[in-house]
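Have a look at the structure below, then the notes.
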Amino acid sequence: MNDFRMKNQRMCHELKIDPVYFRDLELGSKTFEIRKDDRPFRVNDMLLLQSFDREANEYTGSMVFASVTGIFGREENEKKFVKEGYVILSIDLIKSRYVID
């Protein structure tokens, strides 16, 4: 995976999230995301997490912006704790838009 950004450039990653986990983000009880390490995630990048109902195969309309504050699982001493090919992203909630079902 190549990352051609300058040192301080931020990227916004658009990602789907299950409605159950989305609610936990809204409540503040979930401050991390476990994701495949198939994108050039960096600290300070933005995440646009959009609630997605897999059964209905549609977005619910709820979304949240978060900032990546840490990445765990890329360093050799961390790999024994994280499934190969995945990372744990520490995140801070920035702004949300919630649609009541």
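The values are calculated or read from the model by the stated rules, or taken from the named source; none is laboratory data. Just so you know, these numbers come straight off a predicted model, no measurement behind them. Glycine gets a Cβ as well: all are built from the backbone with ideal geometry, and neighbour counts include every protein chain shown.
List of remarks:
- Residue within the range 7-30 that is within 20 Å of GLU78 (Cβ to Cβ), out of contact with any Gly (no Cβ under 6 Å at 6 or more places or on another chain) and in a strand (DSSP E or B) present: no
- Total residues in the range 56-73, condition at pLDDT below 95 and either exposed (fewer than 13 other Cβ atoms within 10 Å of the Cβ) or over 17 Å from GLU14 (Cβ atoms) (or both): 1
- When the range 20-46 is limited to residues that are surrounded by 12 or more Cβ atoms within 10 Å (Cβ to Cβ), over 24 Å from GLU84 (Cα atoms) and without any contact (Cβ under 8 Å) to a residue 60 or more places away in the chain, the one that is nearest to the chain's Cα centre (by Cα) turns out to be PHE22.
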